[in-house]
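Just so it is clear, none of the values below were taken in a lab; they were calculated from the coordinates. This structure is a prediction, so every number in the text was calculated from the model and none was measured. Backbone-built Cβ (ideal geometry, glycine too); neighbour counts: all protein chains shown.
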Amino acid sequence: MQNFDSLPHARAALDGDGIATLTIAQAGALNILGTPVIQDLRRALAALREAPAVRALVVRGESDRAFVAGADIAEMAALDEESARAFISGLRGLCDDVRLFPAPVIARIPGWCLGGGLEFALACDLRVCSENAQFGMPEVKVGIPSVIHAALMPRLIGAANSAWMLLTGELIDARRAREWGLVHEVARPEALDGAVQGLASRLAACGPAAMRQQKTLLRRWESLPVDEAIDDSVAEFGKAFNTGEPQKFMQEFLARKRAARS
């Protein structure tokens, strides 16, 4: 296990299989995102980004009461227009850091996932939650709109469901979150770590170059017209054969197939 430089609000570690874990630390029982926490998480993500051995990243909170129960209301209550822009730009940067992280990112969601915390989770590639998880965008109830990566919601869960969550500020449970496509997998609380680890292990077992190519394509496809996206992918397919991974994994597949016949 490789541990990165410890920061007050972020712990990062990398195991021998290429699975990195980023833990939100000393952020209260609900893993609240204030400016010091955001800054430390961004520093830790920058260090992980430079580690080529990372094949998958799990983001989690130190407390299992929440993934993140939102941004720091005590800090936000004292903001003016200029400082509000600075605060939300920092949170936007954190969300972009995971959204554009080169390897796939999994959000581990054991409980509350609200406001800025849900935006952070939406920026991750995959979301696995406990049956106890609760999701919501309650910003309108404290006098502000939901912004930044809340913009991802309509393409993930549809315009109608997004409007309901963003305009009412009401919560949905894990079952509804799964039905709407907000999360990818729901596990019993005692099985959450196993579900997250199993998913991370499956991702890490794939060719790291191919996985990074696929994530890059997913991000590019978000802004390209379909015909351009298809054309763009042809070049990436060709580049894959420069990595040696297709040759390795395809030969292993053919060897297993031959062994099964014999």
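Observations
- Calculated [θ] (222 nm, deg cm²/dmol) that DSSP helices of n ≥ 4 give over the chain, each run adding -39,500 (n - 2.57): -15000 deg cm²/dmol
- Sorted ascending by nearby beta carbons within 10 Å, beginning with the fewest, Phe241, Phe101 become Phe241, Phe101.
- Using Cβ point charges alone (K and R +1, D and E -1), the dipole size of the stretch 76-145 about the Cα centre works out to roughly 200 debye.
- Using 0.36 nm per residue and subtracting the Cα-Cα separation, the extra length available between Ile73 and Glu131 on full extension is 18.2 nm.
- This ranking places Ser63, Ser233 by how few other beta-carbon atoms lie within 10 Å of each, fewest first, which gives Ser233, Ser63.
- The count of lysine pairs in the chain that are at least 8 places apart or cross chains, and whose C-alpha atoms lie under 29 Å apart, stands at 6.
- Gaussian network model of the chain, springs between alpha carbon atoms under 10 Å - residue of Met76, Met153, Met211 with greatest fluctuation: Met76
- Angstrom value of the Kirkwood radius, inverse mean 1/r, which spans all Cα pairs in the chain: 19.5 Å
- Whether the stretch 124-262 is rounded, prolate or oblate, judged on the alpha carbon gyration tensor where a/c under 1.5 counts as rounded: oblate
- Applying 0.36 nm per residue to the separation of Arg258 and Val140 and subtracting their alpha-carbon distance, the gain on full extension is 36.5 nm.
- At R0 = 22 Å, FRET efficiency that the Cβ-Cβ distance of Arg65 and Trp164 yields, to 0.05: 0.30
- Share, in percent, of DSSP beta bridges within the chain that are antiparallel, nearest 5: 30 percent
- Summed over all non-identical Cα pairs, the Kirkwood treatment of the stretch 17-144 gives a radius of 14.7 Å.
- Here the Gaussian network model covers the chain, with springs between Cα atoms less than 10 Å apart; of Leu126, Leu166, Leu218, Leu218 fluctuates the most.
- For the stretch 110-262, a crude dipole built from +1 on the beta carbon of Lys and Arg and -1 on the beta carbon of Asp and Glu, taken about the Cα centre, is about 680 debye to the nearest 20.
- Extreme residue, positive dipole direction of the chain, given options Val234, Ala260, Leu217 (C-beta unit charges): Ala260
- Rounded if a/c under 1.5, otherwise prolate or oblate - the stretch 144-220, Cα gyration tensor axes: oblate
- In degrees, nearest ten, helix 208-221 long axis to first principal axis of the chain (Cα): 50 degrees
- Taking the chain and dividing mean pair separation by its residue count, relative contact order in percent (alpha carbons under 8 Å, at least six apart): 15 percent
- Label zone (Thr35, point 7 Å along Cα-to-C-beta; backbone nitrogen cut-off 17 Å) within the stretch 51-90: 71-90.
- Here the chain is treated with +1 on each Lys and Arg Cβ and -1 on each Asp and Glu Cβ, and its dipole about the Cα centre works out to around 1040 debye.
- Backbone HN-Hα couplings from phi across the stretch 241-247 [Karplus 6.51/-1.76/1.60, Hz, Gly and Pro as x]: 6, 7, 8, x, 5, x, 4
- Of the residues Ile19, Ala66, Pro52, the one whose Cα sits farthest towards the positive end of the charge dipole of the stretch 1-69 is Ala66 (charges of +1 on Lys and Arg Cβ, -1 on Asp and Glu Cβ, taken about the Cα centre).
- Listed residues Ser201, Ser146, Ser83, most fluctuating in the chain (Gaussian network, C-alpha, under 10 Å): Ser83
- Projecting the Cα positions of Gly136, Ala78, Trp180 onto the charge dipole of the chain (unit charges on Cβ atoms of Lys, Arg, Asp and Glu, taken about the Cα centre) puts Trp180 furthest along the positive direction.
- Once divided by 2.2 N^0.38 Å, the Cα radius of gyration of the stretch 49-114 becomes 1.34.
- Here each label is just a point 7 Å from Cα along the line to Cβ, and for Glu50 and Asp17 those points are 2.8 nm apart.
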